[in-house]
Amino acid sequence: GFMDHAIENMRADAAMRFDAARAPTDAARESRRDAANAANLRWLLDVKYAGRKAVIWAHDAHVMNAYYAPDFHAVHLDGQPGDMKTTGAFLAERYGNSLYTIGVTAFTGEEGFAVGGPATPIAPAPDGSLEARLHGLGLSNAFVNLRAPGRPAIATARIPKFEANTVADIGRIYDGVFFIDRMPRATRG
């Protein structure tokens, strides 16, 4: 079973690399990628490690229980035509409340790949956002449990790529958020 799964992954990866070499990515291709990610995780959780807990680490844009607009800027709680369906949305359909998704956000700083390349500045979060409120408390780091009873709805947050998106409630996208006031870019080691 594992070998069949590995071979299917190699086939899917080769198809995605072929597509990536010919044109920039789009929501349809990213949806196929995330569908494959979700299928891998379902197999690991339901077959290989059935009955065990798992921690899965991925970019916020892939783990959120939401849909990414075709321009990769807006976030929709319910899928719209042409949207990217994320791994998190696929997994939430299957696992419901037994899935706990954590997003990462920052008030300001910079982002960049640990393997090199330019750093991109992260502008200070807008007034009224989750990040601005946490920054106002003087916190350098914080964890916000969005499943906490009595928690007020948080409508504006910089998800998933440090863009201020307004949604009915960020608690429908992530179950928790880890906040970094000033994010440093990723570095090796």
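The values are calculated or read from the model by the stated rules, or taken from the named source; none is laboratory data. These numbers were taken from a predicted model, which means no experiment stands behind them. No Cβ is skipped: glycine too gets one built from the backbone with ideal geometry, and neighbour counts run over all protein chains shown. Side chains are part of the model used for accessible areas, which takes the heavy atoms of the whole protein and leaves out ligands, DNA and RNA. Shrake-Rupley method; radii C 1.70, N 1.55, O 1.52, S 1.80 Å.
Could you please find all residues in region 35-67 being among the small types (G, A, S) and open to solvent by 30 Å² or more (accessible area, probe 1.4 Å)? Break it down stepwise before answering.
In the first step, residues of region 35-67 are kept if they are among the small types (G, A, S); the result is 35-36, 38-39, 50-51, 54, 58, 61, 66.
If the condition is that a residue be among the small types (G, A, S) and open to solvent by 30 Å² or more (accessible area, probe 1.4 Å), then A35, A39, A50, G51, A54, A58 are the ones that fit.
If you check P126 against the conditions, is it surrounded by fewer than 21 Cβ atoms within 10 Å (Cβ to Cβ), without any contact (Cβ under 8 Å) to a residue 40 or more places away in the chain and assigned to a strand (DSSP E or B)? Spelling it out, it is not the case that P126 is surrounded by fewer than 21 Cβ atoms within 10 Å (Cβ to Cβ), without any contact (Cβ under 8 Å) to a residue 40 or more places away in the chain and assigned to a strand (DSSP E or B).
Take H76 and decide whether it is exposed (fewer than 14 other Cβ atoms within 10 Å of the Cβ), under 17 Å from the mean Cα position of the chain (by Cα) and of a type outside the set (F, W, Y).
On the way: exposed (fewer than 14 other Cβ atoms within 10 Å of the Cβ): no; under 17 Å from the mean Cα position of the chain (by Cα): yes; of a type outside the set (F, W, Y): yes.
Answer is no for this residue.
Could you tell me whether any residue of region 11-23 is touching a Phe, Trp or Tyr at 6+ places or on another chain (Cβ under 9 Å) and part of a helix (DSSP H, G or I)? Scanning region 11-23, I find no residue that is touching a Phe, Trp or Tyr at 6+ places or on another chain (Cβ under 9 Å) and part of a helix (DSSP H, G or I), so the answer is no. Scan region 42-63 and tell me whether some residue there is touching a Gly at 6+ places or on another chain (Cβ under 6 Å) and either in a loop (DSSP other than H, G, I, E, B) or among the acidic types (D, E) (or both). Yes, some residue in region 42-63 is touching a Gly at 6+ places or on another chain (Cβ under 6 Å) and either in a loop (DSSP other than H, G, I, E, B) or among the acidic types (D, E) (or both).
Of the residues F107, F113, which single one is touching a strand residue (DSSP E or B) at 6+ places or on another chain (Cβ under 7 Å), farther than 30 Å from F2 by Cα and among the aromatic types (F, W, Y)? Working first, answer last.
Details: F113 fails: touching a strand residue (DSSP E or B) at 6+ places or on another chain (Cβ under 7 Å).
Going through F107, F113 in turn, the sole match is F107.
Results for (1) closer than 23 Å to W57 by Cα; (2) among the charged types (D, E, K, R); (3) surrounded by fewer than 21 Cβ atoms within 10 Å (Cβ to Cβ), shown as yes or no for each residue.
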site	(1), (2), (3)
T105	yes, no, no
P118	no, no, yes
I122	yes, no, no
V144	yes, no, no
R158	yes, yes, no
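Within region 18-34, the set of residues being surrounded by fewer than 18 Cβ atoms within 10 Å (Cβ to Cβ) and within 25 Å of G1 (Cβ to Cβ) comprises R32 only.
In summary, A12 fulfils each of the numbered conditions (1) surrounded by 10 or more Cβ atoms within 10 Å (Cβ to Cβ); (2) under 30 Å from M183 (Cβ atoms) with the single exception of condition (2).
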